[in-house]
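Below is one structure, written out as structure tokens, with a few remarks after it.
Derivation of every value follows stated rules applied to the coordinates shown; laboratory data play no part. Not measured: the values here are computed from a predicted model. As a convention, Cβ positions derive from the backbone with ideal geometry for all residues, glycine included, and neighbour counts pool all protein chains shown.
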Amino acid sequence: MKFITASFLVLLCACSARGEGEIVIKSTAAPVTENPVTVLVGGKIYTMNDAQPTADALAYDTSGKILWVGGNEDAEIAAKTGAKIIDLGGAIVLPGFHDVHLHALEAGINEGRCVLSEFGTPKQYKNEIATCAFDQSAADWFIGAGVSMPDLLEQIAMPVDFLDGLFPDKPALILDNLGHGAWANSPALKAVRYDTMTGNPPGGIIDRNADGRPTGIVYENAQQVLRTAALPPTKANREVNYLALRTALKTLAAHGITSVSDAGGYWPRGHHLAWIRAEKEGVLTVRASNGLYVFPDRDIDEQIAHLITLKISNKNNLAKFNQVKIYVDGILSLGTAALYEPYAQDFGVAGKYGFEYFSKPDLFAYARRLDAAGFSLHFHAVGDRGVGLALDAVEAAQKANGLSANRHRLTHIFLAAPADHARFAALGVTADLQMTPSTFDPQTIAFYKRVIGGRVNGLVPLDALMSANAPITISSDWDADELSPLVKIGHILSRSGETGPGVNAAVAMMTIDSAKLLGQDDLTGSLEAGKYADMAVLDKDIFSLPISHIKRTKILVTIMNGDVVYDPHNKFKQGTK
């Protein structure tokens, strides 16, 4: 190591006299304003770059690019030129986390939504709805959320009549607790012509009583149609969407997340416009490679043509719409996930083998044509048959179009047939999983055992997919589940009976591996010279902590594009967006 001046040596060693993670900015002899370079020292840099796994110092400039990743000797040279030196005080630096499957805009909207009891009584719902109805008296629709639809039907035989008694003339829509169902009154059903429909809409289910009359409960794409009717892209609704995104961005930054893939993409409601506006106004604090929802009830030719007009894939854009979100099936909790073997419990919603959003010819047609148009295919696939269908669709697209640079993936994958495990690697398809504590909670596992029997032992087959060399990422499905990357890392490592990945592999799944999935591994995902300074500063070293302590680690600072986007205690004092 080169000689370090006494003053600079004090700077580098200051962390030993302070608490871990206490960050201090040190001035240098030369005026800081003459040099746009910021240097991080006094901690440990975990780069997620196999060629240089760790480093003692890192520098970036106002272009947002990393200049070098090196040692204290490099920092000493930079200090002499007037760089701003930030002593990390023993904190560690990681690449900014990626969350490749979440519902950020909807999460922001839900923070301001009327949330009802998940398992309420008729009296509770009447009181809760009355309170919210007063607040929404000027709105065209009443909108609530949070109710368990199966439980509601046990409490109230005809929920439509109950809601009609509260809203005889105004459309009312109450979204469920899972994102796959809704409760509507008669004016709402009439608004989308469900009151006169004799069958089910494409990709959706209308629950009916023994006489064939709609109960007011709908599932899967049927509830998306109602949402679109209730929330058109009016000026007021676009403003709500934008403010909701701004709220969500703050939460993402607080969790060290600098790149996302939003899986909502409900373009008829103008959701995509919020992201575009946020980038235009300079307040977008993540790189976003978002999906555009493919509606099963729309004309194929017209929908594909419109999706192509909405496509944004320029790497210079922070907000991109270069993916399409294609639902293959539903969820296990409603019996709508598509299975090879029948459910052990009949939910009375779909058939005994589950439900499919698209016919097989339509699913394959969308996959082929959207792949040819340059979109990455993002499949919602929960059941093993749903997973198999999605892989079949990718295979059909590749046979028709050849291999491309598009990065296809399946998300959720609660069940996968052993014969399909190796197909992920063979087709180059990423398995995107949610590994949160709630999924493996003993009560949840007991519930799933009643639903699918012994197949519960293969729930979310991370280890089997790893053994099959499948490309794997870990995401949150926020706000349906836990957002924190650190909570997920701790849970992955602590699952009983599973060997699982080590800390390094778990972090890689949420950084460099996710960057590869989003096609931006040349820009971010690891800390290397020439890549963007997207970083999370943590107060403790998760690579050496006991597993049980990882979830308690705190995000001190989040940096995206070289800009400090989260710094609640002004540790970096560079200003926040």
* Rounded to the nearest 0.05, what FRET efficiency do SER117 and ILE77 have when you use their Cβ-Cβ distance and R0 = 41 Å? -> 0.10
* Asked: So, with +1 on the Cβ of K and R and -1 on the Cβ of D and E, and no other charges, what is the size of the charge dipole of the chain about its Cα centre, to the nearest 20 debye?
  -> 740 debye
* Asked: What whole number of Å gives the distance from the Cα centroid of the range 99-164 to the Cα centroid of the range 54-69?
  -> 48 Å
* Asked: Among 138-145, 200-207, how do they line up from the highest to the lowest mean number of other beta-carbon atoms within 10 Å?
  -> 200-207, 138-145
* Hey, if you put +1 on the Cβ of every Lys and Arg and -1 on every Asp and Glu Cβ in the range 37-98, which of GLN52, ASN72, ALA91 ends up farthest toward the positive end of that dipole? -> ALA91
* Cα axis of helix 384-401 to longest principal axis of the chain: angle in degrees, 0 to 90, nearest 10? -> 70 degrees
* Counting only Cα, what are the radius of gyration and maximum Cα-Cα distance Dmax of the chain, in Å? -> 25.1, 87
* Structure fact -> Helix 360-372 sits off the longest principal axis of the Cα atoms of the chain, rounded to the nearest 10 on a 0 to 90 degree scale, by 30 degrees
* Give me the angle, in degrees from 0 to 90, between the Cα long axis of helix 122-135 and the longest principal axis of the Cα atoms of the chain, rounded to the nearest 10. => 60 degrees
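Rank by packing, highest mean first: peptides 320-330, 357-367, 385-395, with packing defined as the count of other Cβ atoms within 10 Å averaged across residues. Kindly include the intermediate steps, with their values, before the conclusion.
Numbers: 320-330: 25.2, 357-367: 19.0, 385-395: 23.6.
Ranked from most to least packed, the peptides come out as 320-330, 385-395, 357-367.
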* **Under Karplus coefficients 6.51, -1.76 and 1.60, residue-wise ³J(HN,Hα) of the range 521-528 in Hz, glycine/proline x** => 5, 7, 10, 7, x, 9, 9, 9
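With all distinct Cα pairs included, what does the Kirkwood hydrodynamic radius of the range 104-230 come out to in Å, to one decimal, could you say? Spell out each step's value before the answer.
Details: mean 1/r = 0.0695 Å⁻¹.
By the Kirkwood definition, the hydrodynamic radius is 14.4 Å.
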* MRE, 222 nm, helices only [DSSP H, n ≥ 4, -39500 (n - 2.57), over the chain, to nearest 500] -> -10000 deg cm²/dmol
* Using a 10 Å cut-off on Cβ atoms, rank the peptides 338-351, 214-227, 66-79, 117-130 from the highest mean neighbour count down. => 214-227, 66-79, 338-351, 117-130
* Asked: At what distance in nm do the modelled label points of MET197 and ALA426 sit from each other, each positioned 7 Å from its Cα along Cα→Cβ?
  -> 3.7 nm
* Could you sort out which of LYS399/LYS531; LYS190/LYS280; LYS315/LYS399; LYS250/LYS311 sit more than 30 Å apart by Cα distance in this structure? => LYS399/LYS531; LYS190/LYS280
* Per-residue HN-Hα couplings for the range 249-260 [Karplus 6.51, -1.76, 1.60; θ = phi - 60°; Hz; x = Gly/Pro] -> 4, 5, 5, 4, 4, 5, 9, x, 9, 10, 9, 9
